[in-house]
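Undergrad: Take a look at the following structure, please.
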Amino acid sequence: MKYRLFIWILWPSFLISGIAEGLLFTAFHPQDLLFFGSHLRISDEGIYTIGFFVIWIFCATSSALTAYILPGIESTPSKEVDSELF
């Protein structure tokens, strides 16, 4: 169950973060971004990588919060729970 929950959280957030990074860096060039008022001295690929992981963390947090509030995740097996969640 726990491994399935990790997959439910990480896989959709991975897909969406890839799409979000593509949209973000289609609109903005990495060297145009400012970090506390100064340009980063990192290659474009480094900025793409950091941006992807930051977006992935935000998307995974959103998915984890959604999984947390789902009914039936923490219920005992004796209660009536939708079996598709397991």
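The values are calculated or read from the model by the stated rules, or taken from the named source; none is laboratory data. These numbers come from a predicted model, not from an experiment. Cβ sites come from the backbone with ideal geometry, for glycine too, and all protein chains shown count toward neighbours.
Undergrad: For region 1-46, name all the residues that are touching a Phe, Trp or Tyr at 6+ places or on another chain (Cβ under 8 Å) and either hydroxyl-bearing (Ser, Thr, Tyr) or farther than 30 Å from Ala67 by Cβ (or both).
TA: Matches in region 1-46: Ser13, Ser17, Pro30.
Undergrad: Which residue is farthest from Phe6 (Cα to Cα), if the candidates are limited to region 27-57 and must be free of Cβ contacts under 8 Å to residues at least 40 places away in the same chain and aromatic (Phe, Trp, Tyr)? Working first, answer last.
TA: The initial filter retains those residues of region 27-57 that are free of Cβ contacts under 8 Å to residues at least 40 places away in the same chain, namely 27-55, 57.
Checking the rest, the ones that are also aromatic (Phe, Trp, Tyr) come to 28, 35-36, 48, 52-53.
Numbers: Phe28: 32, Phe35: 32, Phe36: 34, Tyr48: 24, Phe52: 19, Phe53: 17 Å.
Going through the qualifying residues, I end up with Phe36.
Undergrad: Can you name the residue in region 47-86 that is under 11 Å from Ile9 (Cβ atoms) and loosely packed, with under 12 Cβ neighbours inside 10 Å and is also modelled with the highest pLDDT among such residues?
TA: Among them, the one singled out is Leu65.
Undergrad: So, one more: Please tell me if Glu21 is acidic (Asp, Glu), surrounded by 14 or more Cβ atoms within 10 Å (Cβ to Cβ), within 20 Å of the chain's Cα centre (by Cα) and not in a loop (DSSP other than H, G, I, E, B).
TA: Numbers: acidic (Asp, Glu): yes; surrounded by 14 or more Cβ atoms within 10 Å (Cβ to Cβ): yes; within 20 Å of the chain's Cα centre (by Cα): yes; not in a loop (DSSP other than H, G, I, E, B): yes.
For Glu21, the condition - acidic (Asp, Glu), surrounded by 14 or more Cβ atoms within 10 Å (Cβ to Cβ), within 20 Å of the chain's Cα centre (by Cα) and not in a loop (DSSP other than H, G, I, E, B) - is met.
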